[in-house]
Amino acid sequence: MARTPSTMLPLGTEAPEFSLPDTDGTIVLRQHVAGRHGLLVMFICNHCPYVHLVREELAALGRDYPAKGIGVVAIMSNDVTTHPGDSPARMAEEKARFGYAFPYLYDASQEVAKAYRAACTPDFFLFDNAFKLVYRGQLDDARPGNGVPVTGKDLRAALDALLAGAPPLEVQQPSLGCNIKWKAGSAPSYAG
């Protein structure tokens, strides 16, 4: 498994628009999922061991924060020809199995991942109600095999700071995960 860090998109960057299908085929736009206080965009997939480790916490975030006014959405951008376990049908199974209450969108063209400069799974981007980036980084310190419990402490601290009207957290650690599986010849320059 490739250990790829997030790109740490500059704070203040505006959330790119998207129009992507959910697992039931419904087209979802950025403004459809934004909450009154902000929007959490998560790039995840089904097969990644880093995502496997945190799936229950992802589901908990999707239960905890929409009621507080922060929209939550997950996007899967991997090439499904090389990784069929990440197909839309398998995404629907994953969503049902782990109780994801948030939309789980399929970015077939990979253009949304490129617009967000997403690099790994999981990769997290938190925007305020003006769609300005206030957090990009890790969920917490847990990684496959390191024995650290999954708490979501870093991302939850950023979410709670946004809700409290506090400035963005000064210390933001990059997320770490499997690289996004780009289509042959289409990897963006930031992917190395």
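Structure summary
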read-out	value
Residue within the stretch 138-150 that is surrounded by 14 or more Cβ atoms within 10 Å (Cβ to Cβ), more than 15 Å from V51 (Cα to Cα) and not β-branched (V, I, T) present	no
Check on A34, under 21 Å from C120 (Cα atoms) and crowded, with 17+ Cβ neighbours inside 10 Å	no
Failed item, numbered, when D141 is tested on (1) under 17 Å from I75 (Cα atoms); (2) assigned to a loop (DSSP other than H, G, I, E, B)	(1)
Residue ID - nearest to the chain's Cα centre (by Cα), chosen from residues in the stretch 112-129 that are hydrophobic (A, V, I, L, M, F, W, C) and farther than 23 Å from D140 by Cβ	V112
Filtered residues of the stretch 47-100 (kept if more than 22 Å from E111 (Cβ to Cβ) and of a type in the set (D, E))	E56, E57, D64, E93, E94
Index of the failed condition, M76 passing every other in (1) closer than 24 Å to Q172 by Cβ; (2) in contact with a helix residue (DSSP H, G or I) (Cβ under 9 Å, 6 or more places away or on another chain); (3) surrounded by 22 or more Cβ atoms within 10 Å (Cβ to Cβ); (4) in contact (Cβ under 8 Å) with a residue 60 or more places away in the chain	(4)
Near pairs, Cβ below 8 angstrom, 6+ apart or cross-chain, from the stretch 138-155 (closer than 14 Å to Q173 by Cβ and modelled with pLDDT under 95) to any residue that is among the aliphatic types (A, V, I, L, M) and outside any loop (DSSP other than H, G, I, E, B)	none
Filtered residues of the stretch 96-105 (kept if surrounded by fewer than 21 Cβ atoms within 10 Å (Cβ to Cβ), on the phi < 0 side of the Ramachandran plot and touching a residue at least 40 places away in the same chain (Cβ under 8 Å))	F98, A101
Any hit, the stretch 128-137, residues being exposed (fewer than 14 other Cβ atoms within 10 Å of the Cβ) and over 20 Å from L53 (Cβ atoms)	yes
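The values are calculated or read from the model by the stated rules, or taken from the named source; none is laboratory data. This structure is a prediction, so every number in the text was calculated from the model and none was measured. Backbone-built Cβ (ideal geometry, glycine too); neighbour counts: all protein chains shown.
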